[in-house]
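Worksheet: the structure to be examined is printed underneath.
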Amino acid sequence: MKVSITVNGTRQEKDVEPRTLLVHFLRDRLQLTGTNIGCDTSSCGACTIHLDGEAVKSCTMLAAQADGGKVTTIEGLSKDGVMHPMQQAFMENHGLQCGYCTPGMVMASIGLLKENPNPTEEEVRLGLEGNLCRCTGYHNIVKSVLAAAKK
Amino acid sequence: MAGSILGNRVLRKEDPKFLTTGGVYVDDLRDEPLLVGAVHATFVRSTVAHANITSIDVSEALTMPGVVAIYTAQDLGLQPVEASFNPMAKRTLLASGKVRYVGEPLAIVLTELANQGEDAAERVIVDYDALEILIDVEQAMTSSTLIYEEVGSNVVFESTAIGMPDNTGDALFADCEVVVKGRFVNQRVAPCPLEVRGAAAAWDNGRLVQWLSTQHAQGARDAILKVNALEAGQVRVITPDVGGGFGAKIDAYPEDLLLGRIAKQVGKPVRWTETRSESMVALGHGRGQIQYITIGGTRTGKVTAYQLHALQDSGAWVDIGAILAPYMTRPMASGVYDIPVIEVRTTSVATNTTPMVAYRGAGRPEATAAIERAMDLFALKLGKDPAEVRRINLIPKFLEPFTTSIGQTYDVGDFEGALDKVLEASNYAQLRKDQAARRASGNTKQLGIGISVYVEITAGNSKGEFGKVEILPNGRAIVYTGTSPHGQGHVTAWSMLASDETGIAMDMIDVVWGDTDLVPTGGGTMGSRSLQQGGAAVHQASKELVEQARKHAARLLEANEDDVVFDKFTAAFHVAGTPAVAKTWADISSALATDGGLVQESNFVSNGATFPFGAHVSVVEVDTETGKVTLIRHVACDDAGRVINPLILDGQIHGGIGQGAAQALLEEVRYDTDGNPITSNFADYAFISAAELPSFEVIHMETPTPRNPLGAKGIGESGTIGSTPAVQSAVIDALTHLGVRHIDMPATPERVWSAIQSAN
């Protein structure tokens, strides 16, 4: 089937198998490998992207369901070489180590602040419950999100 | 060190890439010319835990869409290979004859597209003849069913068999006024790096090039050479970005070892990425000890004897997980305490479960958990405060080597200093008052305070580490290291070390690792060794480079070498007193361009292992009606010696605490009685999330080690080692007034609730 999805500002029209997951469409058809796959149960959030401005796990939906939509991935966040405030906050607060959960974590964190611009620490922790990280103990991720909220 | 970059909170150079385009992990290698036209490998895995294989029928699978080839052990003529730590145990890299755990690879399916593999693999029909399934270590020890018949026993590694003394039993405690016994389960956990295993293999003019998600490319290269009977130089391993390892990606797995051979057989490059569900059963697991302890001493609180028998679950192979108990747990059994008599025996046992490997701490968290729980039980028996009993038994501060009664020599230590710091920072006295108030009021949310004081061993391997610094004619520096970062920030830290000696700006330094053509020798990143060995090698190479360059500069300046000074601030050499005429790194490198360039190689050998130590206080709230535990505070003081970058140091501590708390509270790999894994994905395995953790309170302490010029010790595992028993003890501490004495990890609501019920 044919899908038309605007990804990082560029309209992409492709023929896909109906069973194609959005994450596979991004990684395998568009070679946008910044979005990672960390599990097969929609548990880890490594594949989190934005669809029409909302953070979603791209392994949990079909490419077909994003037809006509606007997708932003980690590759589309920086503008003219300047990092998004959330990316900057992760850098300044050492919110990443191996980097594998990072794209999903950044996208989820932006989504979280969009819904709740001034979260408490507890709200950040609950809001990121669906994004797993094995390296940081979440300490600096939470710190990064709280710092970004203050920017 | 005024003016030095070392010790500063330098932001990571790695981060912009990870944050803007994402890392390039092995499954992200899309533009690699050698991988054009690659087929995709999917492994058929055993669905039963212990059985003889009666047949493997691939005929239907071969008709599935996209299938290029299917290979079994027989097709490939695989011969049995010996286990590294018990040569009597042999297996083929794809199971033949029998299967020994759910997840063991049996056959390899090659398909044109990645998503065709799983469909085809499901059509491979394997017939089994069931054997008795041994999941429990103690059952396996006594069973007549043998997992490796040639071994003659399911005990695959025994400390007494390699000359370590046996335990003498209760006789050891004849003179003790107080004796306490315990049985602790240090449960099996899954390392869970966020990136699963993956590799890609291609042949290039008779040479195998393999990309691999690994912690140790040089080790993988040697293993691939050996298994394929290739000659040195015929294999190149390249490490792309690696999404975490935690010990489980140190050694090459059967899948990794077979990929090159398969690529040759099929005449095409091969890519492989496992699924998370596969990873949960086929990536090695960690911990898995049953510990029998006896601790005895005086009524005033002095421990005079300690005995441990550790039963190590080896899983269905004799991998490194089988020898951590004798070589890591045993020597560290004394922990931070001066105990006159210690006996430790370790027995490693094969079971029909995923093979055990190293996992963050690898044998030391088990040692610490055993002695710390023992110390708590001893204190409880005496009715004394656990902090006070610890203080009575701590090895006093030492700046000269100290040898414990088990025979391990520690470098430097100030255990009481760490305990004092953490008690003060946590306001321990007030916490005890708060706890007493809650107990008095019968509050259903009881407060628990857990203490752990630990010491661990890092970088015991003294074979050395490789470091090289090359200066390009444009003045940029390339640092080559035998370590292999996968989150530890070596690009930043090694740049800092090189910059500190050479004066070259941080952004003019690149770091290269994990490509065996560019870095032929190296020990990889594991066991908290990297900074103190790999970092020290970069430091040494940088220093030697300056001395080498001074000679060249003297020649270029037509001056006596003794008159040439190096100005780190300008990163240039000049004759003393005439700084206006100077030779930069670029000048010197350019002058040597046709003469081998400006390069300095070093092999750094340390003066022995280092012993990071620290103390943790953990505070939990336990709901006595539901058994739910909430970790509300965790205060950690970890002494890793000299700190090069406190930003990275803290990150390592945080991550360690997170994983330690996860083991204490949530995580456990479980099997049903038929050996089926019941925690084989992230929906069933209780991987800890942000919602279950507080922010951590980290206190710094620096006692430099004399064993390397940096004064640095390891920090990668300390957080895990210190936190696990502190969190566990906190849960139990919340309930001691109800009669609870011990709760095994993980302290799930069900377990905690049951412990309260049975204590009543």
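Read-outs throughout are calculated quantities, based only on the coordinates presented, and are distinct from any laboratory measurement. Bear in mind that the values here come from a model prediction, so they are computed numbers and not experimental data. Neighbour counts are summed over all protein chains in view; Cβ atoms, including those assigned to glycine, are modelled from backbone coordinates with ideal geometry.
Scoring B:595-603, B:281-289 by mean Cβ neighbours within 10 Å over their residues and listing the highest first yields B:281-289, B:595-603. The label point for B:Asp672 and the one for B:Ile392, both projected 7 Å from the Cα toward the Cβ, are 5.0 nm apart. Placing +1 on the Cβ of every Lys and Arg and -1 on the Cβ of every Asp and Glu, with nothing else charged, gives the protein assembly as shown a dipole about its Cα centre of roughly 1020 debye.
Take the Cβ atoms of B:Arg432 and B:Glu697, set R0 to 22 Å, and the FRET efficiency comes out at 0.80.
The phi-based Karplus calculation (6.51 cos²θ - 1.76 cosθ + 1.60; θ = phi - 60°) puts the 3J(HN,Hα) values of the stretch B:184-190 at 10, 9, 9, 6, 6, 10, 9 Hz, whole numbers, x for Gly and Pro. Sorted on the mean count of surrounding Cβ atoms within 10 Å across their residues, most packed first, peptides A:54-61, B:618-625, B:229-236 read B:618-625, A:54-61, B:229-236. Look at the Cα gyration tensor of chain B: its axes a ≥ b ≥ c give a/c of at least 1.5 with a/b at or below b/c, and that counts as oblate. Please give the Cα centre distance for the stretch B:528-550 versus the stretch B:472-508, rounded to the nearest Å. Computed from Cα coordinates, the inter-centre distance equals 10 Å. For the stretch B:573-589, backbone phi angles converted through the Karplus equation (6.51, -1.76, 1.60; θ = phi - 60°) give residue-by-residue couplings of 9, 8, 6, 3, x, 10, x, 5, 9, 10, 10, 7, 4, 5, 4, 5, 4 Hz, Gly and Pro being listed as x.
Less than 5 angstrom separates the built amide H of B:Asp517 from those of B:Val237, all sequence-distant by 5 or more or on a different chain. Selection among B:Trp272, B:Asn427, B:Ala726 by position relative to the dipole of chain B gives B:Asn427 as farthest towards the positive end (Cβ unit charges, Cα centre).
Peptide A:85-91 has a mean of 3 when you count, residue by residue, the C-beta atoms of other protein chains within 10 Å of its C-beta. Using the average count of surrounding beta-carbon atoms within 10 Å as a protection proxy, the listed peptides B:188-198, A:32-42 rank, highest first, as B:188-198, A:32-42. Applying 1/(1 + (r/R0)^6) with R0 = 51 Å to the Cβ-Cβ distance of B:Glu82 and B:Lys445 gives a FRET efficiency near 0.40. Using alpha-carbon positions, what is the distance between the centroids of the stretch B:630-670 and the stretch B:114-175, in Å? One Cα centre to the other: 32 Å. Just check the protein assembly as shown against the gyration tensor rule for me: Cα atoms, a ≥ b ≥ c as the square roots of the eigenvalues, rounded for a/c under 1.5, and otherwise prolate or oblate depending on whether a/b exceeds b/c. In terms of gyration-tensor shape, rounded. Neighbouring Cβ atoms from other chains, within 10 Å of the Cβ of residues in A:135-148, number 6 on average.
With R₀ fixed at 22 Å, the C-beta to C-beta distance from B:Arg751 to B:Tyr292 puts the FRET efficiency at about 0.65. Amide H contacts under 5 Å for A:Gly45: A:Leu132, restricted to partners 5 or more places along the chain or on a different chain, H placed in the peptide plane at 1.01 Å from N. Here the Karplus curve 6.51 cos²θ - 1.76 cosθ + 1.60, taken at θ = phi - 60°, turns the phi angles of the stretch B:517-530 into couplings of 6, 8, 10, x, 10, x, x, x, 10, 5, x, 6, 9, 4 Hz, with x standing for Gly and Pro. Stretched out fully, how many nm does the piece from B:Glu625 to B:Thr300 gain, at 0.36 nm a residue minus the Cα gap? Gain on stretching B:Glu625 to B:Thr300: 113.4 nm. Distant-in-sequence amide contacts of B:Val698, defined by a placed amide H-H separation under 5 Å and a gap of 5 or more residues or a different chain, comprise B:Ala636.
Within chain A, the selection of entire DSSP H helices by a Cα span of 18 Å or greater along the long axis and an average Kyte-Doolittle value of at least 0.5 returns A:102-115.
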